[in-house]
Amino acid sequence: MGRNTGENTGEDMKISQDMKTAQHQVRNQIQHLIEAALFVSTDPISVETLCDISGAEPGEVREIVDNLIIQYREKGSALEIRKIGEDHYVMQAMELFAVPLQDLVKPAVGQEVLKTLSLIALRQPVTQAEIVKARGYSTYAHIRELVSKDFIMAVPKGRTKMLTTTKKFADYFSFPSEITELKKEMARQLQAGYQEVSGD
């Protein structure tokens, strides 16, 4: 009887070990899927999308991405994973390498849309009518795109809309979240860029 008990215990331990190994393999596969998705995407990816890709639950996805953030930071990689807004993540080059690589990277929005976004950010809170007057009727399409990408909010106000940037905008472009500080930082960067171009 004792021998059978010992054999059963050994079999149980083997089964338990096999289950742990299988769980570890599944976890690794999920992590690889999430890491690959972040690597190939030029835009921030939502937790919901990462769940669809990996088949994992939101809590597990967040835990895996948080671990990846630490891993990339600790190994001194040229890449980093950043959280954008409440539930989006993006993999990008570290700031040190961003300038040399910027011409190779597909922008989140086109150049003309980016100009509209910059104007909104600098003038916010600003009405849609004011931006359209300054940038022309094509601005309506720009604003729709920026709202769909969650870079701005457009809140109805009378016959127009009041436009402001979002937390995602601040996170994505590395600006302060507070509007006054954001506008100061944008103005500082624009001034620095002007001085660099003019040679002053």
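The values are calculated or read from the model by the stated rules, or taken from the named source; none is laboratory data. Keep in mind the model is a prediction, meaning the values are calculated, not measured. Don't worry about glycine lacking a Cβ; one is built from the backbone with ideal geometry, like all the others, and counts go over all protein chains shown.
Annotations
- Only one of 76, 10, 59, 6 that is exposed (fewer than 13 other Cβ atoms within 10 Å of the Cβ), among the small types (Gly, Ala, Ser), at pLDDT 85 or above and more than 14 Å from the chain's Cα centre (by Cα): 59
- Matching residues, the stretch 156-171, being closer than 19 Å to residue 86 by Cβ and either in contact with an Asp or Glu (Cβ under 9 Å, 6 or more places away or on another chain) or surrounded by fewer than 17 Cβ atoms within 10 Å (Cβ to Cβ) (or both): 164, 166, 167, 168, 169, 170
- Taken over the stretch 108-155, residues that are in contact (Cβ under 8 Å) with a residue 24 or more places away in the chain and at negative phi amount to 26.
- Scanning the stretch 23-33 finds no residues that are within 16 Å of the chain's Cα centre (by Cα), within 30 Å of residue 145 (Cα to Cα) and either assigned to a helix (DSSP H, G or I) or among the charged types (D, E, K, R) (or both).
A quick yes/no check of all residues on (1) at pLDDT 90 or above; (2) over 23 Å from the mean Cα position of the chain (by Cα); (3) part of a helix (DSSP H, G or I):
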residue: 130; (1), (2), (3): yes, yes, yes
residue: 137; (1), (2), (3): no, yes, no
residue: 140; (1), (2), (3): yes, yes, yes
residue: 145; (1), (2), (3): yes, no, yes
residue: 156; (1), (2), (3): yes, yes, no
residue: 161; (1), (2), (3): yes, yes, no
residue: 171; (1), (2), (3): no, no, yes
residue: 174; (1), (2), (3): no, no, no
residue: 188; (1), (2), (3): no, yes, yes
